[in-house]
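Okay, so here's the structure we're looking at.
Read-outs: derived from the displayed coordinates by stated rules, not from any lab. Everything numeric here is computed off the predicted structure, so don't read it as measured data. For neighbour counting, all protein chains shown are included, and Cβ atoms are generated from backbone atoms with ideal geometry for every residue, glycine included.
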Amino acid sequence: MASDTPQAFRKQLGRRKVLSLFAGVGAISTAGVALRAAFVPKQVGVTELRVGLPGLPVSADGLRVAFLTDLHYGPDTPTETIINAIALAQRAAPDLILLGGDYIQWSMDHLSGVLPILATLHAPLGVFGVLGNHDYYMPDLLAERMRQEAGIRFLRNAGLDLQNGLFICGIDDTWRGRFDSTAAEANRPKGTGMIALSHNPVGINLFRNANAFVMSGHTHGGQVLVPGVSPHRAPGLGDFPVLQGWYRIQGTAGFVSRGVGQTMLPIRINCPPEVVIATLVGLPAGDRCQAV
């Protein structure tokens, strides 16, 4: 989630939403919910998925993918939360690590703080990422520094055949970048299993007939889920109906992660941070990508 300045972004809440939020928070407090943990979210959960991927080669069956997104290193996300998320991802011993963007919050000054944390990520098949809308202050410089100092390769409207039949690709952000799914898929061998990264889940519309698995973030899962208060909808999301979890559009399945960090307010309520660990399961080439 982003705007050109923190001040402009925070104004998007509107006076009514702020008032309704605090009314909801008051109701939760009355009900005895421990708000302190919600307001400073450091407990990161792990969401395990099993993804049936058509065309996945036998050699890649059972391959484990860690997905982290929306770290938002900066004033609204405790650094401990990010460190915990990275540790959980590594503890799962993934074969591949994918990153969904929004590594920093409001400024390139935040990059120096998150780079040493990201540099601890490692996996046998590598660490790959896409840019999120918060990363477009100086996107080329950010991507190059992350490559040099943290070993992260960026998929900017590009893809590669990673392991004898497993193709991964990524697009630039659909709101602030220049996205091109045709270029991203251009080198995909026919019949291979494909994982696509799109920071914003609306990117699945560009892959809807690809029979692939699209991993996204951007929404923070709504971030503040209070009865009677509409969850926050990230800018650039439009009327996309899913804020977290599985979804499908035509031949392609996707998963929206709640992400790790937060912006707008330094809180999460009923919407904890998460690291996603996906285990890939091969399906016949004619089947549809799906949860299994």
Legend entry - On Cα atoms only, tilt of 139-150 relative to the major axis of the chain in degrees: 70 degrees
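Decide, for the range 52-184, between rounded, prolate and oblate: order the square roots of the alpha carbon gyration tensor eigenvalues as a ≥ b ≥ c, take rounded if a/c falls under 1.5, and otherwise choose prolate if a/b is larger than b/c, else oblate.
Details: a/c = 2.15, a/b = 1.31, b/c = 1.64.
It comes out oblate by the Cα gyration axes.
Can you give the relative contact order of the range 6-291 as a percent, counting alpha carbon pairs under 8 Å and 6+ residues apart? Display every interim value, and only then the final one.
Working: 715 pairs, mean separation 81.0, N = 286.
Worked out over the range 6-291, it gives 28 percent.
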Inset, instruction - Pick out, from 216, 127, 164, the residue whose Cα sits farthest towards the positive end of the charge dipole of the chain, with +1 on the Cβ of Lys and Arg and -1 on the Cβ of Asp and Glu. - result: 216
Inset, instruction - Would you mind checking which residues have amide H under 5 Å from residue 158's amide H? H placed 1.01 Å from N; only 5 or more apart, or other chain. - result: 170
Inset, instruction - Relative to the longest principal axis of the C-alpha atoms of the chain, give the angle of the C-alpha long axis of helix 14-30, reported between 0 and 90° and rounded to the nearest 10°. - result: 80 degrees
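Where nothing but the Cβ of Lys and Arg (+1) and of Asp and Glu (-1) is charged, how large is the charge dipole of the range 107-171 around its Cα centre, in debye to the nearest 20?
Details: 4 positive and 6 negative charges, 24 e Å.
Result for the range 107-171 is approximately 120 debye, rounded to the nearest 20.
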Legend entry - Placed amide H near residue 281: partners under 5 Å, 5+ positions off or other chain: 51, 52, 53, 62
Inset, instruction - May I ask for the distance between the Cα centers of the range 234-292 and the range 101-123, given as a whole number of Å? - result: 22 Å
Inset, instruction - Please turn the phi angles of the range 160-169 into ³J(HN,Hα) values with the Karplus equation 6.51 cos²θ - 1.76 cosθ + 1.60 (θ = phi - 60°), one per residue in order, whole Hz, x for glycine and proline. - result: 8, 7, 7, 8, 6, x, 9, 9, 10, 8
Inset, instruction - In debye, nearest 20, what is the charge dipole magnitude of the chain about its Cα centre with +1 on Lys and Arg Cβ and -1 on Asp and Glu Cβ, if you could check? - result: 700 debye
Inset, instruction - For the chain, give the share of DSSP beta bridges that are antiparallel, in percent and rounded to the nearest 5; count only bridges with both residues there. - result: 35 percent
Inset, instruction - Collect residues whose amide H, placed 1.01 Å from N in the peptide plane, falls under 5 Å from the amide H of residue 47; neighbours closer than 5 in sequence don't count. - result: 275, 276, 277
Legend entry - Two-decimal Rg to Rh for the range 121-195 - Kirkwood Rh, Cα set: 0.99
Legend entry - Charge dipole of the chain about the Cα centre (unit charges at C-beta), most positive-ward option of 227, 90, 143: 227
Legend entry - In order through the range 58-67: 3J(HN,Hα) via Karplus (6.51 cos²θ - 1.76 cosθ + 1.60), integer Hz, x for Gly, Pro: 4, 5, 9, 4, x, 4, 10, 10, 9, 10
